[in-house]
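Everything on this sheet refers to the single structure shown next.
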Amino acid sequence: MGQNDNHNTVTAIHRAIDVMEFISSSQRELSFSEIMDNVDIPRQSLIRILNTLCIRGFLDKSSRRGLYRIGLKFLYLGHGLPDKFELRTAAWKSMKALSQKTGKTIELSSLDRDQLILLEQIRGTEEISLYSRVGSVIPYLHAVSVGKVYLALMDPDKRRRVLKKIGLPAMTQHTITDMARLEQEIQETQARGYGFEDQELREGVRRVAAPVFNSTGKHVGCIGLSAAVFSFELDDLDTYGRMVREAAEKTSAELGYVSNP
C-alpha cells in the first residue's frame, strides 16, 4: 500500500512534502516543468501546492525568471532560528530605503554554527548577490565583509579558535590568507564600525557590512551592500560604509537596542 493510499493520511500534505523534498535536494532554482517532471502530481494540483507554499513562505519564486527555491521559513524551521523573523522585520524598512538610495544589492545576514546565512536580499540593478540564494551558507568568515564584522566583535580567544578551525583559504587572488594581515583588517573594522571586502570572495565585487544588535546588546546580524567594482570605487567606501552603518543602527533601534552615549 502506498503512503497516499492510507486512509489516516492526507494526500495533499504528502504531495506538498514531496515537492519540498525534491526542491530542497537541488543545488539550484527549479522551473515548474522540472518539478512537474519529477513529482507524481497532476498539473493543477501542483500549481495550487506551489502557490500555497510560496504564500506561506516555505518556497520562494523568482519574479523575473519564475524559478522556485526553498523559502526562508523552511530555513528557520530547519535551523531552529525563529528569532530571525524579528530581525528581518526590523531590518526590512531600512534595507528598502538603502536599496532605493543606492541601487545596490542590499543583504541581511546572520551567523549560525560559525556559518554565515543569507536571510534576506534586495537585488540591485547589477544583479550581484553575496550568495547564490537566500538561505545559502558560507563558512569562510575571513573572505566577506559580514564575516569580518563578526570576527571583530568576537572575544579574541574565540576568534583564534574559530579561525584555526575554519582556516584562511584563498577564494580569489585578493583573499586575505595571512593571519597578521587579517588581524590588522579586523582592527580597522572595529575602528570604522563596518567591514569592507575588496574582491575577496568574488572577483570584481566589493562589499561593506555593519552590525545589528538586539535589546540586550547581542550582535544578531549584519546589513550589507554589494556592488561591482566599476560602480563601487574605493573613494566611495566612506560614503557607503556610513550609509550601511546608519541602516544597521536604525534596525538595532527597532529591536530595542540603546547605544551608550
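Let me spell it out: the conditions are (1) over 16 Å from L111 (Cα atoms); (2) in contact with a helix residue (DSSP H, G or I) (Cβ under 8 Å, 6 or more places away or on another chain), and V229 meets all of them except one. Which number is the exception?
(2)
Return the pair list, or none, for Cβ contacts closer than 8 Å from residues in the range 209-234 that are touching a residue at least 60 places away in the same chain (Cβ under 8 Å) and open to solvent by less than 10 Å² (accessible area, probe 1.4 Å) to residues that are assigned to a loop (DSSP other than H, G, I, E, B) and basic (K, R), at least 6 apart or on different chains.
L225/K104; S226/K104; A227/K104; F232/K104
When you scan the range 17-58, how many residues do you find that are in contact with a Ser or Thr (Cβ under 9 Å, 6 or more places away or on another chain) and modelled with pLDDT under 90?
The number of residues fulfilling the criteria is 4.
Among the residues of the range 83-90, is there at least one that is modelled with pLDDT of 85 or more, under 19 Å from the mean Cα position of the chain (by Cα) and open to solvent by 50 Å² or more (accessible area, probe 1.4 Å)?
Checking the range 83-90: at least one residue is modelled with pLDDT of 85 or more, under 19 Å from the mean Cα position of the chain (by Cα) and open to solvent by 50 Å² or more (accessible area, probe 1.4 Å).
The values are calculated or read from the model by the stated rules, or taken from the named source; none is laboratory data. All of these numbers come straight from a predicted model, not from anything done at the bench. Cβ coordinates were reconstructed from backbone atoms using ideal geometry, including for glycine residues, and neighbour counts include every protein chain displayed. In case anyone asks, the SASA skips ligands and DNA or RNA and just uses the protein heavy atoms, side chains included. Shrake-Rupley method; radii C 1.70, N 1.55, O 1.52, S 1.80 Å.
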